[in-house]
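To start, the structure under review is shown below, and the notes come after it.
The values are calculated or read from the model by the stated rules, or taken from the named source; none is laboratory data. Remember, predicted model here, so these are calculated numbers, not experimental data. Cβ placement follows ideal geometry from the backbone for every residue including glycine, while neighbour counts extend to all protein chains displayed. Just the protein is used for accessible areas: all its heavy atoms, side chains included, with ligands, DNA and RNA removed. Shrake-Rupley method; radii C 1.70, N 1.55, O 1.52, S 1.80 Å.
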Amino acid sequence: MATGELTHSSTAVDEEPGYGAAVTSSGRISAAKMYEPAGPISPFTTQQLARLDEALTLASRETGLDFSVYLGDLGEDTRATAEGLLASTDNPADGVVIAVSPGQRAIEVVTGTQARHRLPDRGAKLAVASMVASFKEGDLVGGLVNALRMLSDQAGAPQH
């Protein structure tokens, strides 16, 4: 049956509908059910996700590096988890992962073997300091977007 088609049953409903349900005059059962979201709940609005996606796309396009952002628990060894996230990317050598665990108050910036030549530790530390300042103000997306801009400015254009 296609969506929107109405069918009628010729048999009467013999038993009472359950709690939150009623038999309509056409014989159809109308039931109220609790709304359950389809997927995981995002901490970001659609506009914030679009802003973050744009910053990731621009940083990757301008530098030729593969930027990724991870937001969530990083486990006991935050650095090892962030390095594992980098290793799981399509191109780890040219990858840059910004891993943030707000609950742990941890930020890790991990660079691949090739990306490391273009993004020195000093540049990553400045990006982390910028994120911390924004996060303290409650601006998670702003901190991530500014860090991506700082890192892409530091890395510069791809060198051929």
Among S30, P158, F135, the residue whose Cα sits farthest towards the positive end of the charge dipole of the chain (+1 at Cβ of Lys and Arg, -1 at Cβ of Asp and Glu, taken about the Cα centre) is P158
Judged on accessible area alone, 1.4 Å probe, highest first, E16, E54, E76, E108 line up as E76, E16, E54, E108
Toy charge model, Lys and Arg Cβ at +1, Asp and Glu Cβ at -1: the stretch 65-160 dipole around Cα centroid in debye, rounded to 20, equals 340
Among the Cα-Cα pairs of the stretch 70-160, the proportion with separation greater than 20 Å, in percent, is 33
Restricting to Cα pairs under 8 Å and 6 or more apart, the percent relative contact order of the stretch 34-160 works out to 26
Taking the alpha-carbon centre of each part, the distance from the stretch 94-160 to the stretch 40-78 in Å is 11
For the chain, the per residue accessible area (1.4 Å probe, Å²) is 68
Counting only protein heavy atoms with a 1.4 Å probe and every protein chain in place, the carbon and sulfur fraction of the accessible surface of the stretch 35-160 in whole percent equals 50
Computed about the Cα centre, the charge dipole of the chain from +1 Lys/Arg and -1 Asp/Glu charges at the Cβ has a magnitude in debye, to the nearest 20, of 640
